[in-house]
Amino acid sequence: MTTTPLTIDPLNTAAKRKIFGMIQAFWQSQCLYVATRLGIFNLLHDEGAQSADTLAEKTKTKVDRLYVILRALAHLDVLAERPDRIFAATETSALLVTNHGPSIGHFAMHITEPAQWDAWNQLEAALHTGDVAFERANGKSVYDFCQDEPWSGDVFMNAMSFLTDHAIDALLDVYDFDRFPTIMDVGGGQGGSIGNIVKRFGCKGILFDVPYVTATAPAYLAKLGVSEGSIEVISGDVFEAVPTGADAIVMKYFISAWNDDDARIILKNCRAALPPHGKIILLQAFVPDLDDPKTAPDGIMPGLFAVQIMVSVPGGAWRTRQQFKTLFEECGFKLEKTVDTGTNLSAMEFGLA
Ligand SMILES: C[S@@+](CC[C@H](N)C(=O)[O-])C[C@H]1O[C@@H](n2cnc3c(N)ncnc32)[C@H](O)[C@@H]1O
């Protein structure tokens with residue numbers, strides 16, 4: 001057997017920089033996690049610039065160790081470093097503040113918390129066995145974990161609410177939800193999506209999710225300014241049954257968490273709950289086809305996100321538009337339209353076949 005010698009161009013610094021960047025990416029995520037969890041961004045935002053000593057005292061950490069993290073974050077332009085180890089907030093760190101409502105800081109913490117980290121350690125083993133890496137590492141599903149661990153559950157709900165806040169206006173600007181008298185969000189979290197839909201279009205809403213999540217929904221919806229009584233909050237298990245009464249079902253970043261067999265049960269239950277004119281509106285990012293751009297306009301890379309999804313839930317690895325279309329068709333739906341929104345979020349609308 002002849003092998004072609006590998007030619008390495010010593011001057012190929014662009015490729016090397018790229019690889020160094022990839023290697024260093026996980027260090028960045030962990031610096032982000034630690035600083036967000038310690039509340040560093042909250043302190044700098046609420047109280048102004050302060051020294052590493054003061055920040056260490058307030059966060060009960062060793063100053064010389066904390067300083068290394070703060071300096072790295074300054075080198076990444078997340079913080080600004082001034083003489084005498086003084087650190088100040090920046091435009092980027094303002095986004096990571098977590099004590100003024102859901103933010104990208106919650107999303108960062110959810111994705112990089114120790115339970116997720118442990119799951120990534122199981123990735124190689126899970127490739128061989130086909131297990132869900134999160135379940136190998138933590139002994140339970142991510143949803144059960146979030147239910148049992150109050151801090152993780154709270155961060156998860158806020159992370160999901162942030163993702164909704166981030167993309168919802170762009171969706172509502174282009175999608176004609178005003179056709180539907182009643183819309184139900186299945187796996188709708190705290191109600192950010194349905195709350196905004198009801199507020200904008202004046203329809204009735206139903207929010208359906210598991211009990212520990214729906215318990216937080218009334219307070220969240222009130223804060224969002226949704227008028228009382230316009231959204232019915234229902235707790236339950238989508239694998240048992242889906243409530244009736246909606247003309248359209250919205251599912252945002254929900255069915256992607258499940259493998260095809262589970263997804264078929266969910267879609268069967270949705271179909272049983274819908275009237276003949278009913279629709280399902282699938283809202284999420286789709287893994288691009290070969291010739292499509294690989295990064296969504298807001299910076300999310302669905303193909304990379306798919307690895308995170310594969311690590312943490314049974315859903316495998318998200319799906320392409322064609323894979324979703326086939327899955328829905330197998331369950332008695334037909335694709336009626338697709339709408340892109342300019343964020344990571346796109347919509348596929350299905351009617352009953
Ligand atoms: C990835 S989150 C998406 C939340 C929301 N749709 C959004 O985009 O922010 C998935 C949601 O599905 C809910 N969920 C998980 N298992 C469920 C089940 N068996 N029945 C109903 N909801 C469930 C979770 O509690 C969570 O709120």
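The values are calculated or read from the model by the stated rules, or taken from the named source; none is laboratory data. Quantities reported herein were computed from a predicted structural model and do not represent experimental measurements. Note: ideal-geometry Cβ built from the backbone for every residue, glycine included; neighbour counts use all protein chains shown. Heads up: the accessible areas ignore ligands, DNA and RNA and are worked out on the full protein's heavy atoms, side chains in. Shrake-Rupley method; radii C 1.70, N 1.55, O 1.52, S 1.80 Å.
Would you check if Asp289 is in contact (Cβ under 8 Å) with a residue 24 or more places away in the chain and surrounded by fewer than 17 Cβ atoms within 10 Å (Cβ to Cβ)?
Values: in contact (Cβ under 8 Å) with a residue 24 or more places away in the chain: yes; surrounded by fewer than 17 Cβ atoms within 10 Å (Cβ to Cβ): yes.
Yes; evaluated as a whole, the condition is true for this residue.
Considering only residues that are open to solvent by less than 60 Å² (accessible area, probe 1.4 Å) and within 25 Å of Glu228 (Cβ to Cβ), look in segment 161-179 and name the one that is nearest to the ligand (Cβ to nearest atom). Walk me through it before giving the result.
Taking segment 161-179 as the starting set, the residues that turn out to be open to solvent by less than 60 Å² (accessible area, probe 1.4 Å) are 161-164, 167-168, 170-172, 175-177.
Checking the rest, the ones that are also within 25 Å of Glu228 (Cβ to Cβ) come to 161-162, 164, 168, 171-172, 177.
Numbers: Ser161: 6, Phe162: 9, Thr164: 5, Ile168: 10, Leu171: 11, Leu172: 14, Phe177: 15 Å.
So, considering only residues that are open to solvent by less than 60 Å² (accessible area, probe 1.4 Å) and within 25 Å of Glu228 (Cβ to Cβ), the one nearest to the ligand (Cβ to nearest atom) is Thr164.
One residue is enough: does segment 149-163 have a residue meeting the conditions aliphatic (A, V, I, L, M) and farther than 22 Å from His100 by Cα? Spell out the reasoning first.
If we filter segment 149-163 for residues that are aliphatic (A, V, I, L, M), which is where we start, we get 155, 157, 159-160, 163.
Then keep just the ones that are farther than 22 Å from His100 by Cα; that gives none.
Within segment 149-163, none of the residues are aliphatic (A, V, I, L, M) and farther than 22 Å from His100 by Cα.
Any residue that is within 8 Å of the ligand (Cβ to nearest atom), aliphatic (A, V, I, L, M) and within 26 Å of Pro150 (Cβ to Cβ) - is there at least one of those in segment 216-236?
no
Within segment 293-301, is there a residue that is farther than 22 Å from Ile111 by Cα and over 22 Å from the mean Cα position of the chain (by Cα)?
Here is the first cut: in segment 293-301, the ones farther than 22 Å from Ile111 by Cα are 293.
This time we only want the ones that are over 22 Å from the mean Cα position of the chain (by Cα), so: none.
No: zero hits.
Determine which member of the set Thr98, Thr61, Thr54 is assigned to a helix (DSSP H, G or I) and among the hydroxyl-bearing types (Ser, Thr, Tyr). Don't jump to the end; show me each part of the working.
On the way: Thr98 fails: assigned to a helix (DSSP H, G or I); Thr61 fails: assigned to a helix (DSSP H, G or I).
Checking each option against the conditions leaves just Thr54.
So which residues in segment 182-230 are open to solvent by 20 Å² or more (accessible area, probe 1.4 Å) and in a strand (DSSP E or B), if there are any at all?
Residues satisfying the conditions are Thr182, Lys204, Asp209.
So which residues in segment 180-196 are touching a strand residue (DSSP E or B) at 6+ places or on another chain (Cβ under 6 Å) and more than 10 Å from the ligand (Cβ to nearest atom), if there are any at all?
Phe180, Thr182, Ile183, Met184
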